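To start, the structure under review is shown below, and the notes come after it.
The values are calculated or read from the model by the stated rules, or taken from the named source; none is laboratory data. Bear in mind the structure is a predicted one, so any value in this text is a computation, not a measurement. Positions of Cβ are backbone-derived with ideal geometry, glycine not excepted, and every protein chain shown enters the neighbour counts. Each accessible area value is taken on the protein alone, full model and side chains, heavy atoms only, with ligands, DNA and RNA left out. Shrake-Rupley method; radii C 1.70, N 1.55, O 1.52, S 1.80 Å.
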Amino acid sequence: MKKLIKIFLASLFISVTFSSCYNVIFQNILKEVPLNDGSVTGFVNKTVRVGSGDSEYIFTQNGCLYAKKVPSNEEEVQKFHQYGAWTRVSYFQEVTYDYWNAKFNGFHVYNLASDKDYLYVIGYTPAIDETEGVNIPSDIKVYCLPVTSIQACYNSDLDQTNNNLAALTGWEELTQINEKIATYIQACKESTAWDYSSYFLRNISICLFSSDDKDTPENRNAYIRIGGGYGMTTSETVSTNNYWNGSENATANIYKLNGSTGESLVASPTTSEDKTLGTLSVDTVSVVNFGGTDYFFDKLASGKYEDFTGSSGVEQFMYYADGANVYWSTTDTSEFSLDTNVIASGFGYSIISSCCTLDSILFGTMKGGVYKLDVSGNALGSKASFVTNADSVMTSPYIIRMLFCEDPAQLELDATLYSSMDFVYTASTAGTTYKNRGLWSYYPNRADNTDYYHWNRE
């Protein structure tokens, strides 16, 4: 009898233990989300907004160009805040290889920018470098599309399922800028100081960038830097154009864009000049408009936080990331300091992307996934945990090249967010999978999002 009692008690203990474990395991299983097959895969470098109000659109790229309308009513939310709602813009022919003639055809969309009136696209047709045996950028060009053309296309009598965005017309080539790029590349190719032929876009010696402002399109400005970029040293010379000055003073020309009507030269910084925080330099890659003034950074992750608890956004501070540290200022760049207004994030990886929501700032890192800092009033807070599965899918060793918030007036859990994941080398070497390389999204209104907020492949 005692033996039976012992068996019963042991069984009861096992039953209780395993049932409690089962509940935990079951809850975790519930949180596991079946992943979509990616619809925008590969190298996603940038997402930008164009237009405003009921006529706002976002564009992204992976070599091809994709468009989507930002919803302005509940019907559009159900249409566009879902998997597969991006439309590929057909104006730019997808790159293909002609084996018979041994050449590439098409146009690879590499990066995007926007201002209040235009969308800008920079890209190239690949060419084969016979010496190195690799593909390199060739015939690099910049195009623009007026916001009015996008609005006219969407408001036309074409199919309103968003597919009409594929037929966007009204593209214009930035002829003067493209001539300057061609002159620069030719001078680099002729130089004996350094073989530039396989660089240009990869070392950011030709860089397109712009500021982002959700509610004030007038504060969106686009720029292009021709010359400079990472990897350039003062000992390299190109004597056949004005992008280099003397034997040890490299110069970059930076232009503010204005559609196809022309551009204005705003700076020609050199490597011999001290880099003043907030001003243009040979390495400038990002810009933040704060208080109506553009501030420039040679760091990829920069931005501004606005408090939208009132009727409109009120600028609180701007920030930039250097390594794993985040610096912020409530006024201008004179307030940035290495000793004050700095958050040692503790991420452990260099920060290369970011986006703001109403209650936090998300940061993407180089090979370390995604992290976030809380925002308290007009100051950055400490490292915070995710309620969503963001740090479960965007984790080491993935590179988070891009983060984008559709509406920074929303709390993180209520906002529509996009990111891009990438890795270096091969998937097997990096310990990753090619299926995860590309665009990811977080939609608060996902049909299966009731009990758990999750990111998924887009």
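Quick notes on this one:
- Judged by the gyration tensor of its Cα atoms, with axes a ≥ b ≥ c, region 366-458 is oblate; a/c meets the 1.5 cut and b/c is at least as large as a/b.
- The stretch between SER334 and LYS256 holds 25.7 nm of extra length on full extension. This uses 0.36 nm per residue minus the Cα-Cα distance.
- Extension reserve of the ASP374-ASN105 stretch, reckoned as 0.36 nm per residue once the Cα distance is removed: 92.2 nm
- Using R0 = 30 Å, the C-beta based FRET efficiency linking LYS189 and GLU94 works out to 0.65.
- Note: relative contact order over region 93-150, using C-alpha pairs below 8 Å and six or more positions apart, is 27 percent.
- For region 52-108, the residue among HIS108, TYR83, THR96 whose Cα projects farthest onto the positive side of the dipole built from Cβ charges is THR96.
- A simple spin-label model places the labels of VAL134 and VAL387 4.5 nm from each other, with each point 7 Å out along Cα-to-Cβ.
- Using heavy atoms of the protein chains and a probe of 1.4 Å, the accessible area assigned to LYS256 is about 70 Å².
- Pairs beyond 27 Å (Cα-Cα), from LYS304/LYS367; LYS189/LYS367; LYS69/LYS367; LYS79/LYS304; LYS116/LYS435; LYS214/LYS256: LYS189/LYS367; LYS69/LYS367; LYS79/LYS304; LYS116/LYS435
- For region 363-417, the Cβ-based charge dipole about the Cα centre amounts to some 340 debye (Lys, Arg positive; Asp, Glu negative; other atoms uncharged).
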